[in-house]
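Q: Would you mind keeping the following structure in view while I ask a few things?
The values are calculated or read from the model by the stated rules, or taken from the named source; none is laboratory data. Note that the structure is predicted; figures quoted are calculated from it, not measured. Note: ideal-geometry Cβ built from the backbone for every residue, glycine included; neighbour counts use all protein chains shown. For the accessible areas, the whole protein counts, side chains as well, though only heavy atoms, and no ligand, DNA or RNA atoms are used. Shrake-Rupley method; radii C 1.70, N 1.55, O 1.52, S 1.80 Å.
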Amino acid sequence: MGQQLHRGALLHFLEDPASAGEESYAYYDDGGLLLEDGHVVAAGEARRLLGTLASTCDVIEHRDALLVPGFID
């Protein structure tokens with residue numbers, strides 16, 4: 001399976017919003033969610049993550065979507 005970078009708007013929760021308020025999340029208009037063998041290994045600004053990728057990493061664009069790691073359907 002290897003690495004995949006999912007690129008799109010990213011809403012990433014860092015803490016419980018009930019206790020941390022606005023400090024509980026990070027939002028990136030151009031974000032990236034890096035997966036390795038199906039597990040999240042990094043989340044953040046896409047430009048920063050793109051510079052760290054292996055040449056075999058697939059980049060999957062989700063320009064019209066909001067990525068929210070941690071939710072499973």
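Q: Filter the range 54-73 for residues that are assigned to a loop (DSSP other than H, G, I, E, B) and open to solvent by 70 Å² or more (accessible area, probe 1.4 Å); which is nearest to GLN3 (Cα to Cα)?
A: THR56
Q: Right, next: With respect to the numbered conditions (1) within 8 Å of the chain's Cα centre (by Cα); (2) free of Cβ contacts under 8 Å to residues at least 60 places away in the same chain, which one is the sole condition not fulfilled by GLU36?
A: (1)
Q: Oh, and also: Checking the conditions here, which among GLY44, GLY51, GLY38, GLY32 is at pLDDT 90 or above, of a type in the set (Gly, Ala, Ser) and open to solvent by 40 Å² or more (accessible area, probe 1.4 Å)?
A: Of the residues listed, the single one that is at pLDDT 90 or above, of a type in the set (Gly, Ala, Ser) and open to solvent by 40 Å² or more (accessible area, probe 1.4 Å) is GLY51.
Q: Also: Could you list, in sequence order, all residues of the range 10-29 that are open to solvent by less than 40 Å² (accessible area, probe 1.4 Å) and of a type in the set (Gly, Ala, Ser)?
A: ALA20, GLY21, SER24, ALA26
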